[in-house]
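The next block holds one structure in the form of structure tokens; read it before the comments.
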Amino acid sequence: MNRWGVIVLIGLLVGCYNQPQVDQRFALRVYLGEQYLQLKQFANAARNFRKATEQQPKNVQGWWGLARVAEQQGDTASALSYYQRAFQIAPENPELGDNYGAFLCTLGQYDEAQRLLKRDVKTRGKENSGQENTPWLYCFSNEESVSTQ
């Protein structure tokens, strides 16, 4: 084997070796972000989710984590931006759709939230439509009580 063949082989082996390590670092960042979020240590949670998005920008978990941190801090503009980013990456994720829809309800964006609900019901099927969407029912019952006042 010539010198270039050895270099390519070493490069491939190094690339294969580093991939699991990158995945482990990403998983650790998401895990730490979740733990800090539960402890309401928002700066630490945001730092870990941000690093997760730097490591894997096309993975929904980091963006979704940042959205929840911003939401809990009352930064609705940032939360909306992060939710939109996460939803662009994984629009088929029903839990993300529920969280994003519930967030839109808190902003009073009922039409968009209802659009998500209808899409989720079609995606999940009618047999599951009542159980997962309990937060939605509360949202839309509030909308009706607000609109009748």
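The values are calculated or read from the model by the stated rules, or taken from the named source; none is laboratory data. What you are looking at is a predicted structure, and each value in this text was computed from that prediction instead of being measured. Heads up, the Cβs are rebuilt from the backbone with ideal geometry, glycines too, and the neighbour counts pull from every protein chain shown. SASA here: full protein model, heavy atoms, side chains in, ligands and nucleic acids out. Shrake-Rupley method; radii C 1.70, N 1.55, O 1.52, S 1.80 Å.
Observations on the structure shown:
- Pair residue 75, residue 42: separation of 7 Å Cα→Cβ label points (nm): 0.8 nm
- For region 38-86: relative contact order, % (alpha-carbon pairs under 8 angstrom, 6 or more apart): 32 percent
- Extension gain for residue 115-residue 24 works out to 29.1 nm (0.36 nm per residue, less the C-alpha to C-alpha distance).
- Modelled FRET efficiency - R0 25 Å, residue 34 with residue 107, Cβ distances, 0.05 increments: 0.55
- Averaged per residue, region 81-121 has 50 square angstrom of accessible surface, using a 1.4 angstrom probe with ligands and nucleic acids left out.
- What the phi angles of region 35-41 give under the Karplus curve with 6.51, -1.76 and 1.60, with θ = phi - 60°, is a coupling list of 5, 5, 5, 4, 7, 6, 9 Hz, glycine and proline written as x.
- Cα lying deepest toward the dipole's positive end in region 36-94, options 79, 52, 67, charges on Cβ: 52
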